[in-house]
Amino acid sequence: MRSPSFLLIVVWALAAGTAGAQVDFSGEWSPLYHEDAADRIPGPEIGDYTALPLNDAARMRGDTFQADRLSMVMQYQCRPHSADYGLRGLGNMRIDKEIEPLHQKLIAFKTYMPAWGSVRTIWLDGRPHPPEYAEHTFQGFSTGVWDGNQLTITTTHLKANYHRRNEVPSSDKRTLVEHWVRHGDLLTVVTWVDDPVYFTEPLVRSQSWLLDPGQQVPQFYCEYVTELPPVTEDSVPHYLPGTNPNLTEIAGWYGLPTEVLRGGAEKMLPEYRKRMPRPEKPAPAMCERMCNCTDFRSCL
Amino acid sequence: MSKQQRNLHSLVAIVCCALPALAGAQGRAPGGSPGGPPPGPPKTAREAAPVDLTGTWVSIVSEDWRWRMLTPTRGDFQSIPLNAEGKRVGLAWDAARDEMLGLQCKSFGAPAIMRVPGRVRISWQDDQTLKIETDAGTQTRLLHFNAPPTTTEDRSWQGYSVANWERPVRGRGVGEGLSIFVGNIGRAGRSLEVTTTNLREGYYRRNGPPYSADAQMQEYFDYHKEPNGDEWFTVTTVITDPKYLQGPFVTSTDFKKQKTAAGWDPTPCTSR
């Protein structure tokens with residue numbers, strides 16, 4: 001007869017292990033820019049609000065944005081990507097597991113993105129979100145729960161940032177929900193962003209990442225430098241409403257009707273194609289900008 | 001009581017404590033019932049479905065808007081990792097010639113159709129076949145479960161698709177039998193995996209970026225429900241085509257479930 005002691009060990013091992021191992025998202029991941037590559041790498045065109053369910057308040061912020069602000073106003077320099085934009089923007093990602101040593105339970109995933117050295121913790125131990133008045137940060141407060149093979153993450157307490165780098169703003173009232181699914185060496189991250197201040201309905205997008213264990217995600221440097229002398233000490237470069245001359249440039253470059261640039265939820269439905277107006281200027285005969293942009297080398 | 005008897009009593013006690021924990025572990029295969037009745041006949045694909053993908057779904061165009069809602073300019077292949085030959089062939093795009101040859105559906109094939117703005121209607125054609133109908137281009141995809149990986153049918157726009165409910169991620173070559181000392185939280189498969197081959201050559205977009213007849217497509221359909229009650233699925237698509245691509249072309253496309261078939265609007269394929 002086999003020793004009961006041996007059986008005891010086996011049964012203990014089986015019992016102890018039930019909460020031990022999950023889908024492993026840890027590792028070094030590279031983003032794939034096979035969607036909206038130019039929007040995400042070099043950056044969006046001024047006045048391009050397509051594919052966003054934004055409202056007039058968001059349009060006003062985008063329309064009055066002048067990029068000189070980044071050169072003259074220190075507070076806007078080295079501003080990190082927030083948790084939601086970071087997933088859409090540029091940069092690789094390392095995911096680490098945080099294990100509670102006594103019970104060997106996975107209690108959190110930590111993500112590091114080199115863009116602005118963004119570190120984020122996704123708690124898996126069931127802790128509640130803090131009260132509304134708690135500090136808001138660029139990475140917010142994230143908790144995750146498993147649903148089958150899917151990790152669903154809810155993030156609150158985000159600081160105001162942007163949904164798109166041409167200054168389509170995001171508010172500190174927004175909630176981010178993510179669904180992470182791993183298929184072999186591929187990670188799909190679906191994001192649902194509800195921003196009651198700047199959106200008329202939640203925005204759903206999805207990003208793809210490829211496991212890339214050979215990479216070393218680097219340190220990030222950003223130095224504050226005043227690149228232009230301020231007109232006055234407290235001046236903030238901007239356009240007054242209705243005076244930005246650059247908002248419709250993109251329409252001519254790509255043969256777009258100017259109406260589509262204003263974005264909005266109704267233009268994200270397939271039926272909008274039927275009532276889309278004709279462009280004011282015909283499209284060029286041949287693509288002239290960002291025609292083969294798919295990654296850092298080809299876009300910059 | 002002898003030492004051996006005491007150990008046996010301890011063993012029984014531990015087993016009693018351990019079994020509920022084992023049974024409660026997340027990540028069991030759908031329908032798994034350890035300790036339950038003996039297994040009956042294998043479940044059909046429809047019975048084994050861990051998520052319900054049937055219904056009418058609308059593509060919300062939140063990505064690649066300019067390239068999906070409009071016919072892009074000639075040579076605008078942004079975001080597609082075409083190789084030199086792919087770009088050369090893409091630049092030779094001729095919509096009038098395609099129309100003359102009756103090839104208006106070249107940008108409505110399986111590698112493209114889920115990116116075309118429109119609605120899809122998903123239903124079970126039979127217990128082993130999931131059907132995806134699209135109003136854009138009036139196309140039909142058939143996803144064959146428990147089917148052989150190849151077919152003798154002619155090549156077609158939608159090709160031949162083999163489907164299965166994806167098995168959970170696990171170590172390469174390591175089976176269930178080695179799963180001691182570990183649990184399975186978060187490993188229950190609930191994705192639909194589809195492999196498509198036997199395609200006619202076509203375009204990823206209307207302006208002619210090509211895929212070849214040798215292209216292979218792997219898709220993963222993931223269902224998700226949001227805090228406001230909206231139901232979505234996201235299909236992650238991986239296309240390999242050494243003839244025209246530098247490497248895999250990966251997109252993920254999001255569809256929102258409708259309560260009714262409102263907006264269903266069958267339209268024929270067009271080249272422009």
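The values are calculated or read from the model by the stated rules, or taken from the named source; none is laboratory data. Computed from a predicted model, the values in this text were never measured in an experiment. Neighbour counts are summed over all protein chains in view; Cβ atoms, including those assigned to glycine, are modelled from backbone coordinates with ideal geometry.
Just checking: which of the strands (runs of 3 or more DSSP E) contained wholly in segment B:185-251 hold 2 or more residues that are within 11 Å of chain A (Cβ to nearest Cβ), modelled with pLDDT of 95 or more and within 26 Å of residue B:75 (Cα to Cα)?
Numbers: elements: B:192-197, B:216-225, B:231-240.
By residue number, B:231-240.
Does at least one position in segment A:252-260 carry a residue that is over 20 Å from residue A:62 (Cβ atoms) and aliphatic (A, V, I, L, M)? Steps first, answer last, please.
Our first condition is that a residue be over 20 Å from residue A:62 (Cβ atoms); within segment A:252-260, this holds for A:255.
When the remaining residues are screened for being aliphatic (A, V, I, L, M), the result is none.
No, segment A:252-260 contains no residue that is over 20 Å from residue A:62 (Cβ atoms) and aliphatic (A, V, I, L, M).
Figure legend. Inter-residue proximity from segment A:201-217: first residues without any contact (Cβ under 8 Å) to a residue 60 or more places away in the chain, second residues buried (at least 22 other Cβ atoms within 10 Å of the Cβ) and assigned to a loop (DSSP other than H, G, I, E, B), beta-carbon distance below 7 Å, spacing 6+ or different chains. Indicated pairs: A:204/B:60. Among the residues of segment A:254-263, the ones that are of a type in the set (Val, Ile, Thr) and buried (at least 18 other Cβ atoms within 10 Å of the Cβ) come to 1 in all. Summed over segment A:166-186, residues that are under 23 Å from residue A:80 (Cα atoms), assigned to a strand (DSSP E or B), in contact (Cβ under 8 Å) with a residue 60 or more places away in the chain and not hydroxyl-bearing (Ser, Thr, Tyr) total 5. Residues that are surrounded by 19 or more Cβ atoms within 10 Å (Cβ to Cβ) and in a loop (DSSP other than H, G, I, E, B) are absent from segment B:120-131 altogether. Residue count for segment A:262-292 under the criterion of being under 15 Å from residue B:67 (Cβ atoms), in contact with a Ser or Thr (Cβ under 7 Å, 6 or more places away or on another chain) and hydrophobic (A, V, I, L, M, F, W, C): the result is 3.
Kindly evaluate residue A:251 against the criterion of being under 23 Å from residue A:54 (Cα atoms), facing chain B (nearest Cβ under 9 Å) and either among the polar types (S, T, N, Q) or surrounded by 14 or more Cβ atoms within 10 Å (Cβ to Cβ) (or both). In short, no.
Residues are listed down the side, and each one gets a yes or a no for (1) of a type in the set (S, T, N, Q); (2) touching a Lys or Arg at 6+ places or on another chain (Cβ under 8 Å):
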site: B:53; (1), (2): no, no
site: B:68; (1), (2): no, yes
site: B:73; (1), (2): yes, no
site: B:91; (1), (2): no, yes
site: B:101; (1), (2): no, no
site: B:109; (1), (2): no, yes
site: B:149; (1), (2): no, no
site: B:152; (1), (2): yes, no
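In segment B:53-62, the count of residues that are under 26 Å from residue A:285 (Cα atoms) and within 8 Å of another protein chain (Cβ to nearest Cβ) is one or more.
Residue by residue, here is whether (1) among the aliphatic types (A, V, I, L, M); (2) in contact with a Phe, Trp or Tyr (Cβ under 9 Å, 6 or more places away or on another chain); (3) within 14 Å of chain A (Cβ to nearest Cβ) holds:
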site: B:71; (1), (2), (3): no, no, yes
site: B:74; (1), (2), (3): no, yes, yes
site: B:93; (1), (2), (3): no, yes, yes
site: B:127; (1), (2), (3): no, yes, no
site: B:130; (1), (2), (3): yes, yes, no
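The requirement of being surrounded by 12 or more Cβ atoms within 10 Å (Cβ to Cβ), modelled with pLDDT under 95 and of a type in the set (A, V, I, L, M, F, W, C) is satisfied by residue A:217.
With respect to residue B:249, is the statement that it is among the aromatic types (Phe, Trp, Tyr) and closer than 23 Å to residue B:46 by Cβ true? Explain how you work it out, then say what you get.
Numbers: among the aromatic types (Phe, Trp, Tyr): yes; closer than 23 Å to residue B:46 by Cβ: no.
For residue B:249, the condition - among the aromatic types (Phe, Trp, Tyr) and closer than 23 Å to residue B:46 by Cβ - is not met.
Does segment B:132-154 include one or more residues that are in a strand (DSSP E or B), touching a residue at least 60 places away in the same chain (Cβ under 8 Å) and not basic (Lys, Arg)? Yes, some residue in segment B:132-154 is in a strand (DSSP E or B), touching a residue at least 60 places away in the same chain (Cβ under 8 Å) and not basic (Lys, Arg). Would you be able to say whether some residue in segment A:196-206 is more than 14 Å from chain B (Cβ to nearest Cβ) and assigned to a loop (DSSP other than H, G, I, E, B)? Looking through segment A:196-206, at least one residue is more than 14 Å from chain B (Cβ to nearest Cβ) and assigned to a loop (DSSP other than H, G, I, E, B). Output yes when any residue across segment A:264-280 is at pLDDT 95 or above, more than 9 Å from chain B (Cβ to nearest Cβ), closer than 30 Å to residue A:73 by Cβ and crowded, with 17+ Cβ neighbours inside 10 Å, and no when none is. Yes: one or more hits. Scanning segment A:284-300 for residues that are surrounded by 14 or more Cβ atoms within 10 Å (Cβ to Cβ) and part of a loop (DSSP other than H, G, I, E, B) gives A:284, A:287, A:289, A:290, A:291, A:292, A:293, A:294, A:295.
Checked against (1) within 11 Å of chain B (Cβ to nearest Cβ); (2) modelled with pLDDT of 95 or more, residue A:242 passes all but condition (1). Every condition in (1) assigned to a loop (DSSP other than H, G, I, E, B); (2) surrounded by fewer than 23 Cβ atoms within 10 Å (Cβ to Cβ) is met by residue B:256 except one, and the failing one is (1). Of all the numbered requirements in (1) under 17 Å from residue A:23 (Cα atoms); (2) under 16 Å from the mean Cα position of the chain (by Cα); (3) in contact (Cβ under 8 Å) with a residue 60 or more places away in the chain, residue A:151 misses one, and that requirement is (2). Restricting to segment B:43-65, what's the tally of residues that are under 18 Å from the mean Cα position of the chain (by Cα), part of a loop (DSSP other than H, G, I, E, B) and more than 23 Å from residue A:261 (Cβ to Cβ)? Going through segment B:43-65 one residue at a time, the tally reaches 6. Looking at B:122, B:113, just one residue is closer than 24 Å to residue B:272 by Cα, at pLDDT 95 or above and not hydroxyl-bearing (Ser, Thr, Tyr), and that residue is B:113.
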